[in-house]
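Single-structure report; data block below.
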Amino acid sequence: MANPHYKISYGQTKEVVSGISFDRNEIIGNGNWPLPAQDFIRSIDELQVVDLINEHFKLAKNFFGLLPHRTGIATSTAYRDYNKICLANKICSHIMSLGLILQFAIPKMLDPYEYLDGHFSKLELDNIYSFKNNSKVQVDYIISLRDPIGLLDQHTKEQLYKLFSVSIY
């Protein structure tokens, strides 16, 4: 039902276009589709598999994002505990990565400000730079952005302070 295709064009530059598309006639001819689905299939210019899958995942993500609130599950203690466990798992993986980065960055005395834009959004950067550079409050704010539940150990915090040239005493 899905057919790979490619096109190579020669001109000033060589252009290669490829993709996977569904065969509209084969889908409609299947006979198992309700009329609204058949009308939808006919209404789309190209049935590009990747585009359709991306659209599906976007819609599914939006649906599942609303589902916990619309069903009331979001207020469940078990659901909140599950989310906290997922968040803690994500934070722990970031902490392990941070430990490796610090082992490399501190001996080389790298300037951490050169690398912040690769790890924070524009809004987060604006907020980070609203604090005085190389200040404890600024580093504590940076930590809070990536560790909102406070899992970062004291040793790693001290290493971050050292990287940002913060005097903690």
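Of the heavy-atom accessible surface of the chain (probe 1.4 angstrom), what whole percent is carbon and sulfur? Ligands and nucleic acids excluded, carbon and sulfur give 59 percent.
When each pair of different Cα atoms in the range 79-140 is counted once in the 1/r mean, what is the Kirkwood radius in angstroms, to one decimal?
Numbers: mean 1/r = 0.0729 Å⁻¹.
After inverting the pairwise mean of 1/r, the radius is 13.7 Å.
For the range 1-85, what does the alpha-carbon gyration tensor say about shape, rounded, prolate or oblate, given a ≥ b ≥ c as the root eigenvalues, a/c under 1.5 as rounded, and a/b over b/c as prolate? List each step's numbers first, then the result.
Working: a/c = 3.97, a/b = 1.79, b/c = 2.22.
Since a/c reaches 1.5 but b/c is at least a/b, the shape of the range 1-85 is classed as oblate.
Taking amide H as placed 1.01 Å from N in the peptide plane, LEU47 has its amide H under 5 Å from the amide H of PHE22, each at least 5 places away in sequence or on another chain.
Assuming a ≥ b ≥ c are the square roots of the Cα gyration tensor eigenvalues, decide whether the range 39-98 counts as rounded (a/c under 1.5), prolate (otherwise, with a/b larger than b/c) or oblate.
Working: a/c = 6.76, a/b = 1.73, b/c = 3.90.
It comes out oblate by the Cα gyration axes.
Which of the chymotrypsin sites (Phe, Trp or Tyr not before Pro) across the range 44-135 are loop residues per DSSP, with 14 or fewer other Cβ within 10 Å? Taking the range 44-135 and a limit of 14 other Cβ atoms within 10 Å, the loop chymotrypsin sites (Phe, Trp or Tyr not before Pro) found are TYR115, TYR129. In terms of the Cα gyration tensor, with a ≥ b ≥ c the square roots of its eigenvalues, is the chain rounded because a/c is under 1.5, prolate because a/b exceeds b/c, or oblate? In terms of gyration-tensor shape, oblate.
Using only DSSP helix segments of four residues or longer, with each worth -39500 (n - 2.57), what per-residue ellipticity at 222 nm results for the chain after dividing by its residue count and rounding to 500? Mind dumping the intermediate values first?
Working: 7 runs with 98 residues, N = 169.
Computed ellipticity for the chain at 222 nm equals -18500 deg cm²/dmol.
Kindly state, to the nearest 0.05, the FRET efficiency for GLN103 paired with LYS132, given R0 = 22 Å and r defined as their beta-carbon distance. Let's see the in-between values first.
Details: r = 27 Å, r/R0 = 1.22.
The computed FRET efficiency comes out at 0.25.
Gain in length, GLU124 to LEU67, computed as 0.36 nm per residue apart minus the alpha-carbon separation, to one decimal in nm? List each step's numbers first, then the result.
Values: separation 57, 0.36 × 57 = 20.52 nm, distance 2.79 nm.
Extending this stretch completely gives an extra 17.7 nm.
Can you work out the FRET efficiency for the pair ILE168 and THR77, with r the C-beta to C-beta distance and R0 = 41 Å, to the nearest 0.05?
Plugging the Cβ-Cβ distance into 1/(1 + (r/R0)^6) gives 0.65.
Dividing the mean sequence gap of close Cα pairs (under 8 Å, 6+ apart) by how many residues the chain holds gives a relative contact order of 15 percent.
For ARG24 and LYS90, what is the calculated FRET efficiency with R₀ set at 45 Å and r taken between the beta-carbons, to the nearest 0.05? Working from the Cβ atoms, E equals 0.60.
The values are calculated or read from the model by the stated rules, or taken from the named source; none is laboratory data. Here the structure is a predicted model, which means the values were calculated and not measured. Positions of Cβ are backbone-derived with ideal geometry, glycine not excepted, and every protein chain shown enters the neighbour counts. Heads up: the accessible areas ignore ligands, DNA and RNA and are worked out on the full protein's heavy atoms, side chains in. Shrake-Rupley method; radii C 1.70, N 1.55, O 1.52, S 1.80 Å.
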